[in-house]
DNA sequence: ATTTTCGAGATTTTT
DNA sequence: TCTCGAAAAT
């Protein structure tokens, strides 16, 4: 295959070229938004293959989202023309690969499941029931946050069943009893093991633990991975950092790209010091700055620069625009939240007409997902097509999780799935009967499914819906060996009446989504050209985000600021710029305020040609007074034009 | 006695 | 949109 690498290299500016050519050793790229980070990563990947003859499987390129990984894989493939055997993946994807082949070494069965937050909460509630404590006193969301923190802090290993107490207390915003918290944590670990489930954190910790404990495994990967590149390095947490450090130790070719000013995940454990002190931790590090911004017009850049300057704790690296434009940053202070939504809708129509833009070209960004509601209502009223991006990722949708739960129940017979679908559609299996089953299950040390099998036919479980469900269930289960995954899914959804119920449901999206899921299973089977075991399918499905539904190909894009990272739009509207909105006002420390400012910075820097900021005055939903965000006044005077109405 | 349904109230950010 | 609690329906 003929590849004109020279053409690719010529496409790069001086600073980008420098970065790409820095092949050996430790390299750190500090790159602002819109400076061609991804391009540099991709080019370097290809360059390594082309000029150094490195095999693709010997390069690990890690990104944070599946989307970014897919994007990069696509680009590399289009340049090099080879698509298999690439290690372009997310941290979680890489770890899952290790786990799939090695988790038996931890006495975990190969059939483990990845659970998400929802299921974690369910696990917790079971624990609460066992411990006789109330969810009111221990809010599940907070407790789960604590558990994540604790796992990170305790040098967590998979078989911990007794929490060491040394580091337990420090740093927790503890307003719940420490002793109880400790007990909850230990019970959580036990239950996790009992159910053979891993949460997202475990994927990293388990993989890390495996590598540390098994020299052969470590040797294999250290030899294999001659070059490692990490994108968005400012977002790595301790576990991810340690994983990278471990993997690079033999060849010592580590190339990290990131922007400390775009650190917006510190609440998830990411730590800027990993990138800021990279040169100290890896002596001999070459650092390159990318500051030429190809994305935004000069006025937008000016606004970004002057905003982020207010962060004291940072390395100054102002963006340099290449596009000079007349456009200004516009700010509309709305009378109230309805006025804000209404203005946005009209501004969109205006932009589409005056600037000859497509709906596609416009992104609406907000701090918290609930803020989309008011906007959505207004967009519907004005008949503007829109898509909420990642409002809920595809596999996180209720109906998709239900459908998968049916499959899981067939294969694993686990309690989480059981509870999820046993009363869908309604089978008179409510609180009381379920409690009866749980009691039985605990007394006899069996799963809920087994309990139901044992008790069916006797009161209080002697009624036709249950008998019917079990007969359907057993029927499908008995022929699992014979039929494909897609057939199994199809049958179980059909015969249990779940699909029927969805059809009656007024929310017509749901049935479409389930159909899409079925199609995707079929598609995967066709691509693989073989039977995909259900267990195999389930193990990976948690990581597939690609099944986003694009019902409106040309629509305004709504998303949270966190979800917009890495994207760009010709026109960006940042709404809800109020104190308590952006900044969120939840935390009041200096560090937390700086993170909010970085969020605003990320949001602003998505815009290419137009940036519009809106805020509301008056009262919010809870009748509390609204004040304009401090970030609005932090942008240097004269860079923002205030408007009263559309011209 | 239980389940189902319906309406009110509340929300940071996510792999 | 999602969760929770009280009234309506089995």
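Output the residue which, of all residues in region A:107-120 that are assigned to a helix (DSSP H, G or I) and surrounded by fewer than 17 Cβ atoms within 10 Å (Cβ to Cβ), is nearest to DNA strand C (Cβ to nearest atom). Working first, answer last.
Initial filter on region A:107-120 (assigned to a helix (DSSP H, G or I)): A:117-120.
Next cut, surrounded by fewer than 17 Cβ atoms within 10 Å (Cβ to Cβ) only: A:117-118.
Numbers: A:117: 10, A:118: 6 Å.
Among those residues, the one meeting the criterion is A:118.
Tell me, please, whether a residue that is under 30 Å from residue A:304 (Cα atoms) and either buried (at least 19 other Cβ atoms within 10 Å of the Cβ) or at pLDDT below 90 (or both) can be found in region A:208-222. Walk me through it before giving the result.
Initially, region A:208-222 is screened for residues under 30 Å from residue A:304 (Cα atoms), giving none.
No, region A:208-222 contains no residue that is under 30 Å from residue A:304 (Cα atoms) and either buried (at least 19 other Cβ atoms within 10 Å of the Cβ) or at pLDDT below 90 (or both).
Of the conditions (1) within 14 Å of DNA strand C (Cβ to nearest atom); (2) surrounded by 20 or more Cβ atoms within 10 Å (Cβ to Cβ), residue A:376 clears all except one; give me its number.
Here residue A:376 meets the rest and fails (2).
Any residue that is touching a strand residue (DSSP E or B) at 6+ places or on another chain (Cβ under 7 Å), surrounded by 17 or more Cβ atoms within 10 Å (Cβ to Cβ) and within 30 Å of residue A:219 (Cβ to Cβ) - is there at least one of those in region A:3-19?
no
Considering only strands (runs of 3 or more DSSP E) fully contained in region A:252-341, which possess at least 1 residues that are within 25 Å of the chain's Cα centre (by Cα) and within 25 Å of residue A:596 (Cβ to Cβ)?
Details: elements: A:254-258, A:286-290, A:292-297, A:320-323, A:329-334.
Strands (runs of 3 or more DSSP E) meeting the threshold: A:254-258, A:292-297.
Would you please name the residue that is modelled with the lowest pLDDT, looking only at residues in region A:421-433 that are in a helix (DSSP H, G or I) and within 14 Å of DNA strand C (Cβ to nearest atom)?
Filtering region A:421-433 for residues in a helix (DSSP H, G or I) gives A:421, A:431-433.
Subsequent filtering for residues that are within 14 Å of DNA strand C (Cβ to nearest atom) retains A:431-433.
On the way: A:431: 78, A:432: 81, A:433: 83.
The selected residue is A:431.
Only one of A:358, A:353 is without any contact (Cβ under 8 Å) to a residue 60 or more places away in the chain and away from DNA strand C (no atom under 16 Å from the Cβ). Can you tell me which?
Exactly one residue qualifies, and that residue is A:353.
What single numbered condition from (1) within 16 Å of DNA strand B (Cβ to nearest atom); (2) surrounded by 21 or more Cβ atoms within 10 Å (Cβ to Cβ) fails to hold for residue A:71?
Unmet for residue A:71, out of (1) within 16 Å of DNA strand B (Cβ to nearest atom); (2) surrounded by 21 or more Cβ atoms within 10 Å (Cβ to Cβ): (2).
Can you name the residue in region A:351-372 that is part of a helix (DSSP H, G or I) and exposed (fewer than 14 other Cβ atoms within 10 Å of the Cβ) and, of all such residues, is modelled with the lowest pLDDT? Before the answer, list the steps.
Looking only at region A:351-372, we keep the residues that are part of a helix (DSSP H, G or I), and these are A:351-354, A:359-361, A:369-372.
If we keep only those that are exposed (fewer than 14 other Cβ atoms within 10 Å of the Cβ) too, we end up with A:353-354, A:370.
Values: A:353: 90, A:354: 88, A:370: 84.
Only one residue tops the list, namely A:370.
Hey, any hits in region A:584-601 for a residue that's assigned to a loop (DSSP other than H, G, I, E, B), modelled with pLDDT of 85 or more and crowded, with 24+ Cβ neighbours inside 10 Å? Spell out the reasoning first.
Looking only at region A:584-601, we keep the residues that are assigned to a loop (DSSP other than H, G, I, E, B), and these are A:584-589.
Okay, now just the ones that are also modelled with pLDDT of 85 or more, so none.
Scanning region A:584-601 turns up no residue that is assigned to a loop (DSSP other than H, G, I, E, B), modelled with pLDDT of 85 or more and crowded, with 24+ Cβ neighbours inside 10 Å.
Among all residue pairs at least 6 apart or on different chains, which show Cβ distances below 6 Å where the first residue, located in region A:452-471, is closer than 16 Å to residue A:496 by Cα and the second is at pLDDT below 75?
Filtered contacts from region A:452-471: A:466/A:456; A:470/A:456.
Read through the list (1) without any contact (Cβ under 8 Å) to a residue 12 or more places away in the chain; (2) within 23 Å of residue A:534 (Cβ to Cβ); (3) within 16 Å of DNA strand C (Cβ to nearest atom); (4) not in a loop (DSSP other than H, G, I, E, B), then give the number of the only condition that residue A:474 fails.
Among (1) without any contact (Cβ under 8 Å) to a residue 12 or more places away in the chain; (2) within 23 Å of residue A:534 (Cβ to Cβ); (3) within 16 Å of DNA strand C (Cβ to nearest atom); (4) not in a loop (DSSP other than H, G, I, E, B), the lone unmet condition for residue A:474 is (3).
What number of residues within region A:1-40 are at pLDDT below 85, touching a helix residue (DSSP H, G or I) at 6+ places or on another chain (Cβ under 7 Å) and within 21 Å of residue A:284 (Cα to Cα)?
Number of matching residues: 1.
Looking at the structure I just gave you, is residue A:611 away from DNA strand B (no atom under 14 Å from the Cβ) and touching a residue at least 40 places away in the same chain (Cβ under 8 Å)? Give the derivation first.
Values: away from DNA strand B (no atom under 14 Å from the Cβ): yes; touching a residue at least 40 places away in the same chain (Cβ under 8 Å): yes.
Yes; evaluated as a whole, the condition is true for this residue.
The values are calculated or read from the model by the stated rules, or taken from the named source; none is laboratory data. All figures in this text were calculated on a predicted structure; none of them were measured in a lab. Every residue, glycine as well, gets a Cβ built from its backbone with ideal geometry; the counts of neighbours run over all protein chains shown.
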